[in-house]
Each structure stands twice: as structure tokens, then as C-alpha cells.
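Step one of this worksheet: look at the structure below.
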Amino acid sequence: MARRPIILSLTNMHESGMRLLRASAEVRMASAVDPATLRREVVGADALIIRTGGKVDAALLDCGKDLKVVGRHGVGYDQIDVEAATERGIQVVNTPGANTESVCEHVFAMMIGLSKHFPRMTAELAAGNFLFRTKMIGRDIYGRTLGIVGFGRIGRRVGEVAHAAFKMKVLYNDIVPIPPEAEARAAARRASFEEVLEASEYVTIHVPLDASTRHMIDRAALARVRPDAILINCARGSVVVESAVAEALDAGRLWGYASDVFEVEPPPADHPLIGRPDVLLTPHSAAQTVEGLSNMATGIAQDVLGVLRGEPPRNPVNDPSLV
């Protein structure tokens, strides 16, 4: 009988995906995600599945001499050394689209929550200050201008909902050509990065983290943003210079900031944005919904198992012809 493949999962995932894995493979759970532990426990594994914890670097891949595929439960893969995987003939796959609706809804929850001053209103109500309701006026998002930095799957979906549900005027910036039909669904107009910042009352970021996007929202970028703007980051924490955001809020050059991600996760207790009434933060939980987790778990399980069976990857991160 052929040996069942061994899959090392760095963290648990939704039962829908675990069930698929267990039916076709031996699933091992990493006891910790520090480098030393992973280097020991990856030995003998045919596949590795990673969520947000841990890092897949060249040293780890060298220890996993039997690895054929690394699966990213999610979209962003900045903690995986894709080049090193390619050099070692290891396929990398992820789950684009699996959490699109979950993250899109999260963006609008943040957008609306800050527009209605939810952080401040919740704190005042908890302190017994019910009549504070008349002292701080919110605003509607309907009909306002939304700027989207990064018009991929999530960015496009945010644009579609903004246009269809709230009749927002949508501007976007991206470095790649966008099909006209995708623009049409959001009634979106392509604009320069500078125009998106300068013209938008809401700016939402949906770019991957790489050398070109790291700290792209810095002091110079924030200087272009309207003082009545709300900035939303559900991409990666390192896309934004967090200290610069705090400075802009202190100076009244930014209405508010909402983020699901941090440069360092978990963030330190003295983080300059935690606890502010003009900031709405969540702990990298935008995709933590029943639907999002199930979609990601099922999708990555199917793709990893398919690669192990010799099938073409459904969602390759690196070029399959090079591995």
C-alpha cells in the first residue's frame, strides 16, 4: 500500500478542511511556530499549511527535504519565501477569493463605525454619558468619494458594494491593467495614487506587502490626504507607517483610522493607535467568519491534496513550470 502523505499544519483550521486532509493524509499539528520547533517537526512532511503564525524561510525549507507544496490558508504570503520554495522545486498555493466577502464586509463595518463615532460613543455610554449623543455628530457614507488603493479581488468587491449599496463615487489606483468590465461593475475611475489620496473622503488599502508597498502610506502620503478623510487598512500593517498616522490624527489632518492589521502582531500594549476614540482596531480578524474560515480551509486542503496527487495547482503563487 502506498504511504499516506504527511501534512504538517502550523495551526488548526476549520473542520471542513481538516476533514478533507484527514481522509487522504496523515495530519500532524505543529506544537509551536517558532523556527527551531518548525525545523524539527517539518522533517518527513510532504506538505506544510500555514496561516498567519510562523514563517516559511529557506532554512525551514532545507529541513523539509520531502516538501512538495506549501499551502497558505489565506491570501497574503509575505511570510513565505516564495523564491526559496521555487528554487527547491516546492509549489506554493493560497486561497484568493475565499475570504473576499468577509473582508469586504469588515471594511464597511469599519467605514461606517468610524463615520458614526462608534468607538467614542461606546466608551461614553459605558461611562454613563448617554447625553453625549448630542455632542458628537457623525456622517453618512452614502454618496461620498471612496479611494481604493489596490484593485484586486477584495478591492474590486469593495468598489462594487460601495457603488451599488451606497452610491459612492469610486476612484482606484493599481499598478496593473484592470479589465473594463471590472471598472464598470464599480463605476470606478482609474486615478493616480496622489489623486486617490487627495480626492477621497475614504481611502481603503488592498495591496499585497512587498518592497514597493512597504510603508507606502508614510508622512508624505498622509500630507496629501484630506483632513476629513478616514483611512482603512485591511491589507498588511507594514503598508502604513503607524506613527505617522498617529501624528496626523493628533494634528487634525485625518478624521479617523481603522485597521485590522499591525506592523508587529500582536501589537505592543503602548501602541500609539490603541485606545484612541478616533481609531477603530480589530486583531487581524476580518476573515474570522464561519464562511471565510470554511472557504479558506476547504480551498487550501483541496489544492494541497491535488498537488500531492500530481494535479496542476488551482491557485499557484509561484509558476508551476518552475517547480
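What follows is calculated from the coordinates using simple rules that are stated; it is not laboratory data. All values reported here derive from a predicted model rather than from experimental measurement. All Cβ positions, even for glycine, are placed from backbone atoms using ideal geometry, and neighbour counts span all protein chains on display.
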- Task: Jot down the radius of gyration and Dmax of the chain, Cα atoms only, both in angstrom.
- Result: 21.3, 73
- Ellipticity estimate at 222 nm from DSSP helix runs (n ≥ 4, -39,500 (n - 2.57)) divided over the chain, nearest 500: -10500 deg cm²/dmol
- Task: Compute the long axis of helix 153-166 from its Cα atoms, compare it with the longest principal axis of the Cα atoms of the chain, and write down the angle in degrees, 0 to 90, nearest 10.
- Result: 30
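Report the Stokes-Einstein translational diffusion coefficient (µm² s⁻¹, integer) for region 1-138, Rh taken as the Kirkwood radius over Cα pairs, at 4 °C with viscosity 1.567 mPa s.
73
Under a point-charge model restricted to the Cβ atoms of Lys and Arg (+1) and Asp and Glu (-1), what is the dipole moment magnitude of the chain relative to its Cα centre, in debye to the nearest 20? Walk me through the numbers before you get to the answer.
Working: 36 positive and 39 negative charges, 137 e Å.
Charge dipole of the chain: 660 debye, to the nearest 20.
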- Task: Report the dimensions of region 248-323 along its three principal axes from the alpha-carbon atoms, largest first, rounded to Å.
- Result: 56, 30, 22
- Task: Report P(r) for region 88-162: all Cα-Cα distances, bin width 5 Å, range 0 to the bin holding the largest distance, values in whole percent.
- Result: 3, 12, 18, 16, 13, 11, 10, 7, 4, 2, 2, 1, 1
- Measure nothing fancy, just the Cα-based angle from helix 100-115's long axis to the longest principal axis of the chain, in degrees from 0 to 90, nearest 10. 20
- Message: Using each residue's phi in region 290-306, evaluate 6.51 cos²θ - 1.76 cosθ + 1.60 at θ = phi - 60° and report the 3J(HN,Hα) Karplus result to the nearest Hz, with x for Gly and Pro.
- Response: 4, 5, x, 5, 5, 4, 5, 5, 5, x, 6, 4, 4, 6, 4, 5, x
- Message: Just want the answer: with Cβ charges of +1 for Lys and Arg and -1 for Asp and Glu, which residue in Gly299, Ile148, Ala258 is farthest toward the dipole's positive end in the chain?
- Response: Gly299
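How big is Rg to Rh over region 49-122, alpha-carbon atoms, Rh as the Kirkwood inverse-mean-distance radius?
Values: Rg = 17.8 Å, Rh = 14.6 Å.
Ratio of gyration radius to Kirkwood radius for region 49-122: 1.22.
Can you give the percent of C-alpha pairs in region 213-273 whose distance is more than 13 Å? Intermediate results must be reported in sequence, preceding the final value.
Working: 1066 of 1830 pairs.
Everything past 13 Å amounts to 58 percent.
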- Message: Can you tell me which lysines have their Cα less than 25 Å from the Cα of Lys167? Leave out same-chain residues fewer than eight positions away.
- Response: Lys116
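For the chain, what's the relative contact order in percent, using C-alpha pairs closer than 8 Å and at least 6 residues apart?
Numbers: 633 pairs, mean separation 65.8, N = 323.
Rounded, it is 20 percent for the chain.
Output the direction-averaged projected area (hull surface divided by four) of the convex hull of the alpha-carbon atoms of region 100-281, in nm².
Numbers: hull surface 41.6 nm².
It is 10.4 nm².
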- Task: Mind checking which lysines have their Cα closer than 20 Å to the Cα of Lys65? Skip sequence neighbours fewer than 8 apart in that chain.
- Result: Lys55
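Quote the relative contact order of region 158-280 in percent (integer), defining contacts as alpha-carbon pairs under 8 Å separated by 6+ residues.
Working: 181 pairs, mean separation 23.6, N = 123.
It rounds to 19 percent for region 158-280.
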- Give the angle, between 0 and 90 degrees and rounded to the nearest 10, that separates the Cα long axis of helix 15-24 from the longest principal axis of the Cα atoms of the chain. 10
